[in-house]
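Have a look at the structure below before the remarks.
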Amino acid sequence: QVQLAESGGGLVQAGGSLRLSCAASGSIFGPNVMGWYRQAPGKQRELVARITSSGNTNYADSVKGRFTISRDNAKNTVYLQMNSLKSEDTAVYFCNIATLLLDSWGQGTQVTVSS
């Protein structure tokens with residue numbers, strides 16, 4: 001079983017920056033993908049960005065050029081640097097890790113961008 005602990009959410013003005021962190025603990029074997037998803041009120045959860053254990057990344061079109069995902073494999077930690085934040089980025093952000101054997105989610109961290 002894998003546990004995910006997210007941190008770094010909060011309130012920021014439009015144009016500002018935040019950095020989210022997510023540390024995974026437990027039994028993680030083999031290749032995996034770690035990612036960030038978000039869910040705004042009344043909307044479905046959507047992919048923000050994800051990164052494989054070998055460093056390949058992909059991003060939602062809405063965040064390309066503004067958000068950067070990275071990871072530290074030694075620490076089983078994934079980061080999301082969010083710059084030029086917009087009000088439409090307001091959501092609960094969830095961390096996810098997926099392997100061939102598991103798919104785990106964090107509890108979520110609130111990001112609120114005021115305009």
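The values are calculated or read from the model by the stated rules, or taken from the named source; none is laboratory data. Keep in mind the model is a prediction, meaning the values are calculated, not measured. So basically every Cβ, Gly included, is an ideal-geometry build from the backbone, and we count neighbours across all protein chains shown. Ligands, DNA and RNA are excluded from the accessible area calculation, which covers all protein heavy atoms including side chains. Shrake-Rupley method; radii C 1.70, N 1.55, O 1.52, S 1.80 Å.
For this structure, a couple of remarks:
- Rounded accessible area of LYS64 (nearest 10 Å², 1.4 Å probe): 120
- Other residues within the sphere of radius under 14 Å centred on the Cβ of SER70, judged by their own Cβ, net out at +3 (K and R +1, D and E -1).
- Residues ARG45, ARG71, ordered by accessible area of protein heavy atoms at a 1.4 angstrom probe radius and largest first, appear as ARG45, ARG71.
- Considering only the Cα atoms of the chain, their convex hull presents on average a projected area of 6.7 nm².
- Using the Cβ-Cβ distance between GLN39 and ASP72 with R0 set to 22 Å, the FRET efficiency works out to roughly 0.30.
- Each distinct pair of alpha carbons in region 38-104 adds a 1/r term; the inverse of their mean, the Kirkwood radius, is 13.0 Å.
- Gain in span if fully extended, ASN58 to SER104, counting 0.36 nm per residue against the direct Cα distance: 14.6 nm
- Rolling a 1.4 Å probe over the protein heavy atoms of the chain, with every protein chain left in place, gives an accessible area that is 48 percent carbon and sulfur.
- Solvent-accessible heavy-atom area per residue, rounded to whole Å², over the chain at 1.4 Å: 54
- Computed from phi, the 3J(HN,Hα) profile of region 89-101 under the Karplus parametrisation 6.51, -1.76, 1.60 (θ = phi - 60°) reads 7, 4, 4, 8, 9, 10, 8, 9, 10, 9, 10, 5, 10 Hz, with x in place of Gly and Pro.
- Near the amide H of GLY16, within less than 5 Å, lie the amide hydrogens of LEU85, all on another chain or at least 5 residues away, with H placed in the peptide plane.
- Hits among lysines - C-alpha to C-alpha of LYS43 under 27 Å, sequence gap 8 or more where chains match: LYS64, LYS86
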